[in-house]
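FYI, it's all coordinate maths here, none of it is from the lab. Computed from a prediction, not measured in an experiment: that's the story for all the values here. Note that we place each Cβ from the backbone using ideal geometry, even for glycine, and neighbour counts take in every protein chain shown.
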Amino acid sequence: MAISIQLKRGPSTNLGNITAKDGELVWLTDEKRFRVGSDDGTTQSWQTLSYAQIDSNGLVPSTQLPIDDTAGVGDTGKLLSADEIANRLTSGATYLGLWNPDGSGGPGTPALSDGTGDNGDFYIVETGGDADFGSGTITFIEGDRVMYQTSDNTWKRIVSANSVDSVNGQTGVVILGMNDINDVIIDSGTLAADDYIKWDPTADGGNGAWVNAAPQSVAIDDLSDVDTTTVAPTVGQTLKWDGTNWTPQDDNNSIASLDDIGDVNVTGVTDGQIIVWDDASGEWQASDLPTGVDGTFIGLTDTPSAYNSGDAGKFVKVNAAEDGLEFVEVTTDGIAEGSTNLYYTDARVDGRIAAANIEDLANVTVTSVSDNEILQWNSSTSQWENVAISNVTVQSIDDLDDVDTSTTAPTDGQTLKWDAANSQWVPADDIDTDTTYTSGTGIFIDEEGGNSINLDAGIDLLTDVDTTTTAPSTDDVLSWDGTNWVPTAIDGGQF
């Protein structure tokens with residue numbers, strides 16, 4: 001028959017609301033310990049119950065043990081740490097080097113055997129594994145010591161003070177997951193890509209835990225000390241501190257000159273100077289060119305001595321001796337041609353064009369071509385393909401989008417005229433429907449005589465002729481006076 005014991009539980013802040021009888025246990029969820037009720041009949045009091053906690057392996061952690069490395073013989077109730085035990089066991093011992101198991105559970109390397117050795121001889125284990133020296137299998141881990149003791153003439157394992165037997169209750173090659181951490185709860189049913197973990201004080205029955213959550217869209221304005229809402233940013237602005245928040249402001253801290261840079265000092269700079277680093281001042285300073293350097297390419301120890309007539313357009317290349325530079329006139333005849341990127345020449349291009357057919361183009365497919373076929377674009381294959389002209393969709397002028405000869409069929413002698421109302425060319429008679437005429441100077445309209453137009457104008461109506469200022473006489477001619485054609489008399493047959 002199973003027996004269950006029910007305990008009252010809650011946070012320590014709620015103790016005043018919990019009634020517990022004398023000797024009754026109450027579990028404090030925030031302090032992770034018990035308290036014992038003590039009821040004297042008039043008041044409620046509590047006594048803290050001290051105890052050694054048990055870890056997930058059912059073992060008492062070393063922090064709960066009465067460890068005292070100063071304890072000696074007769075000090076009952078005290079324990080020594082692993083470090084102190086190892087130090088005391090190896091006091092006066094002789095270190096012989098590194099030792100490794102041989103992988104088969106044998107005596108290892110170097111080979112060790114019970115019954116052979118001097119008291120205090122020991123090795124340090126370099127790689128963990130199992131070994132048998134004659135008295136049974138012993139499992140070692142890296143950093144352990146294997147020591148010979150003449151008290152029973154056997155090799156023994158001395159646990160390293162730095163060794164770890166298990167991690168979170170796991171042994172061997174331990175791989176911890178997020179859920180192996182006490183205050184982390186990952187819900188594999190809702191876990192998705194890009195999730196993150198956040199603290200949830202209500203998780204784990206109110207104890208609080210880190211739980212997985214879906215990603216959230218975060219903007220810089222979500223930061224508590226950033227305000228881009230009161231004044232919206234504009235192009236080119238930066239965030240600057242206004243005493244309360246980081247807000248959008250113009251970037252007025254631009255560098256206008258070289259001297260604005262903090263570690264540059266060009267005070268008193270003169271023509272032709274350069275800036276050099278000065279260790280003493282920790283800054284770049286204006287300085288004259290070093291002796292022998294005039295700031296030009298010409299005249300250096302490994303460059304041409306001068307610019308000469310005919311050097312224009314030349315290139316610089318390393319000389320044949322490979323110890324300097326020289327000016328050279330470079331043509332394609334002097335440059336080795338590669339195997340892929342070939343030179344362009346008219347002859348080479350003409351030759352390729354002459355040898356090519358239209359079907360050599362990547363987006364043209366010609367199959368069994370016949371007379372009078374044309375190339376038509378096929379969007380499904382992304383190719384120009386040969387088809388009979390009878391297959392072309394547009395075979396009549398009425399197939400054009402802006403021509404309509406179907407609504408009103410054309411008749412003999414008609415032309416296509418633009419119909420602005422329907423934005424189309426339509427059949428219409430070839431006549432001028434605009435029969436409104438307006439008379440002008442020298443022009444009159446005889447509407448009664450059949451809408452005829454007659455001229456009643458003199459030469460003086462021409463804009464560059466003036467026969468009004470000086471009226472013409474018999475035999476006068478028109479001559480140019482620099483401004484107009486005017487009447488001029490002929491004198492003896494000459495102007």
**Asked** Straight-line reach from residue 21: which lysines have a Cα under 27 Å away, not including same-chain ones fewer than 8 places off?
**Response** 8, 32
**Message:** Skipping prolines and chain starts, which residues have an amide H placed within reach, meaning under 5 Å, of the one on residue 142, given they are 5 or more residues away or on another chain?
**Reply:** 128
**Item:** Computed over region 289-422: relative contact order in percent, which uses C-alpha pairs under 8 Å that are six or more apart
**Value:** 10 percent
**Prompt:** So what's the gap between the Cα centers of region 197-266 and region 136-154, to the nearest angstrom?
**Reply:** 61 Å
**Message:** Quick check: from the Cα gyration tensor, does region 90-158 come out rounded (a/c under 1.5), prolate or oblate?
**Reply:** oblate
**Fill in**
Extension length gain for residue 383 and residue 365 (0.36 nm per residue less Cα distance), in nm, is 5.8 nm
**Asked** What residues have an amide H closer than 5 Å to that of residue 79, excluding those fewer than 5 places away on the same chain, when H is modeled at 1.01 Å from N in the peptide plane?
**Response** 67, 68
**Asked** Say each of residue 232 and residue 139 gets a label point 7 Å from the Cα, pointing the same way as Cα to Cβ; how far apart are those two points in nm?
**Response** 6.8 nm
